[in-house]
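Asks: Got a structure for you, written out below as structure tokens; questions coming shortly.
No lab work stands behind these numbers, since they all come straight from the coordinates. Here the structure is a predicted model, which means the values were calculated and not measured. Quick reminder, even Gly has a Cβ in these numbers, built from the backbone with ideal geometry, and neighbours come from all protein chains shown.
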């Protein structure tokens, strides 16, 4: 699995559904993804990924100019990850879709900095008629 990512032999879609990964394993996976040139979609949904690990994931994806879709639904992501995603969107125009459903990005409506950062970098794409 990791060797395929490192050797650019992975399929275009990669999901770790059903696997219970620890923090260190997620970091190893993301280092492999950061250099991968074949992966288009990465699903890391419902993996109990922490806010700090969400930041690490974003940092690993800064230079991946192939990934288009990142699914992070149902994790433990918070305001720090929201800010990191705003930076990622700015640095990497190839990522077109990020699923953040069922994450507490505002820490129960107490912290809005990350959401405001996301709102600032979001823009309307006239060609596709959608917000990105």
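Asks: What spacing in nm lies between the two simple spin-label points modelled at residue 59 and residue 87, each 7 Å away from Cα in the Cβ direction?
Replies: 0.8 nm
Asks: Turning to a different aspect of this structure: Note the direction-averaged projected area, equal to a quarter of the hull surface, for the Cα convex hull of the stretch 41-92, in nm².
Replies: 3.1 nm²
Asks: Determine the gain in length on full extension of the stretch residue 96-residue 109; use 0.36 nm per residue of separation and subtract their C-alpha separation, reporting nm with one decimal.
Replies: Length difference between fully extended and current span is 2.1 nm.
Asks: Given contacts defined as C-alpha pairs under 8 Å and at least six residues apart, what's the relative contact order of the chain, whole-number percent?
Replies: In percent, rounded to a whole number, it is 20.
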